[in-house]
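S.K.: First the structure, then my questions, so here it is.
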Amino acid sequence: MKLRHCRLSSSQIKSLFNFFISGATARTAAELSSVNRNTAIKFYDKLRQIICYNIEKDSPFLCGEIEVDESYFGGVRKGRRGRGAAGKTAVFGLLERGGKVYSQVVDDTKAQTSLPIIRGKVKPDSIVYSDYYRSYNALDVSEFKHYRINHSKEFAREHNHINGIENFWNQAKRQMRKFNGIQKDKFNLFLKECEFRFNYG
């Protein structure tokens, strides 16, 4: 997928592209580039579509030491908090230590949802680290070597931790917070942008 049929001048394209790379919002980029705001938003959307397409097309198998975790994205809401918080978007993630992160929007974080993703993205006999969430019980009798960290007692014990994937969650939420709310149908594009930035700097 490439950027085609763009009516912007080459200087405007370069300017918007540079602002996107720097992490500026489309509204800020539009003001500083003297481009219509809706045009800048569409340009940013197209860049995110290209990123999403290429990430999914070239996504490699993860191997070695893998951290798995889930997180919930969305604004602060009253009521239930933490896992299963109402109205929030659930995301499942895997991180290869010394390698890349992979994230996917999911309907829920049950074992029947997360285990197929792990099996589809991680090579057998890899070492998988998780917390004590019950959905990861199935990993104890899987083709992976499974280690767990009990976050109610400690956050790391030598190699046993999931600090890498939690670092990605923090970075992604910090990035998305700038947008003051993201439409649900476009959330995956923003998520893949965060994944791209994390993997490639």
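S.K.: Excluding residues fewer than 8 places away in the same chain, name every one of the lysines whose C-alpha is closer than 24 Å to that of Lys123.
M.R.: In chain and number order, the partners are Lys57, Lys100, Lys110, Lys145, Lys192.
S.K.: Given R₀ = 25 Å, what would the calculated FRET efficiency be for Ala156 paired with Lys123, taking r from the Cβ atoms and rounding to 0.05?
M.R.: 0.55
S.K.: Ok, one more. Measuring with a 1.4 Å probe in the full set of protein chains, what accessible area per residue, in whole Å², belongs to the chain?
M.R.: Per residue, the chain has 58 Å² of solvent-accessible surface.
S.K.: Is it possible to state the helix-based mean residue ellipticity at 222 nm for the chain, with each DSSP H run of 4+ residues giving -39500 (n - 2.57), the sum divided by total residues, to the nearest 500 deg cm²/dmol? What is it?
M.R.: Estimated from H runs of four or more residues: -13500 deg cm²/dmol.
S.K.: At 7 Å along Cα-to-Cβ for each site, give me the label-to-label distance between Ser59 and Gln112 in nm.
M.R.: Here the modelled spin labels are 2.1 nm apart.
S.K.: Cα convex hull of the chain: how many Å³ per residue?
M.R.: Dividing the Cα hull volume of the chain by its residue count gives 131 Å³.
S.K.: Separate question: Let me have the relative contact order for the chain, percent, based on Cα pairs under 8 Å that are six or more residues apart.
M.R.: That works out to 20 percent.
S.K.: With a 1.4 Å probe and every protein chain kept in, tell me what percent of the accessible surface of the chain is carbon plus sulfur.
M.R.: With neighbouring chains kept in place, the figure for the chain is 49 percent.
S.K.: For the stretch 131-201, what is the largest minus smallest coordinate of the Cα atoms on each principal axis, given in angstrom and ordered from greatest to least?
M.R.: Principal extents (largest minus smallest coordinate, Cα): 39, 25, 23 Å.
S.K.: How large is ³J(HN,Hα), in whole Hz, for each residue of the stretch 146-156 in order, when computed from phi with the Karplus curve 6.51 cos²θ - 1.76 cosθ + 1.60 and θ = phi - 60°, using x for Gly and Pro?
M.R.: Using θ = phi - 60°, the values come out as 10, 10, 10, 10, 8, 5, 6, 10, 7, 10, 7 Hz.
S.K.: Taking amide H positions as placed in the peptide plane 1.01 Å from N, state which residues far from Asp131 in sequence (5 or more) or on other chains have amide H under 5 Å from it.
M.R.: Answer set, sorted by chain and number: Ile149.
S.K.: Let me ask something additional. Be a star and scan the stretch 40-55 for residues whose amide nitrogen sits under 20 Å from the point 7 Å along the Cα-to-Cβ vector of Asp185.
M.R.: Residues 40-53 fall inside that zone.
S.K.: Something else: Using only Cα atoms, find the angle between the long axis of helix 10-22 and the longest principal axis of the chain, and express it within 0 to 90 degrees, rounded to the nearest 10.
M.R.: 30 degrees
S.K.: Give me the net charge for the shell around His161: Cβ to Cβ below 12 angstrom, other residues only, Lys and Arg +1, Asp and Glu -1.
M.R.: -4
S.K.: Can you list which of the GluC sites (Glu not before Pro) found in the stretch 131-197 are DSSP loop residues with at most 10 other C-beta atoms within 10 Å?
M.R.: Glu154, Glu158
S.K.: Could you give the angle, 0 to 90 degrees to the nearest 10, between helix 37-58's Cα long axis and the longest principal axis of the Cα atoms of the chain?
M.R.: Between the helix axis and the principal axis of the chain, the angle is about 40 degrees.
The values are calculated or read from the model by the stated rules, or taken from the named source; none is laboratory data. Predicted, not measured: the structure shown is a model, and the values here were computed from it. Using ideal geometry, Cβ is built from the backbone for each residue, glycine included, and neighbour counts are taken over all protein chains shown. When the accessible area is computed, the model is the full protein with side chains, heavy atoms only, and any ligands, DNA or RNA have been set aside. Shrake-Rupley method; radii C 1.70, N 1.55, O 1.52, S 1.80 Å.
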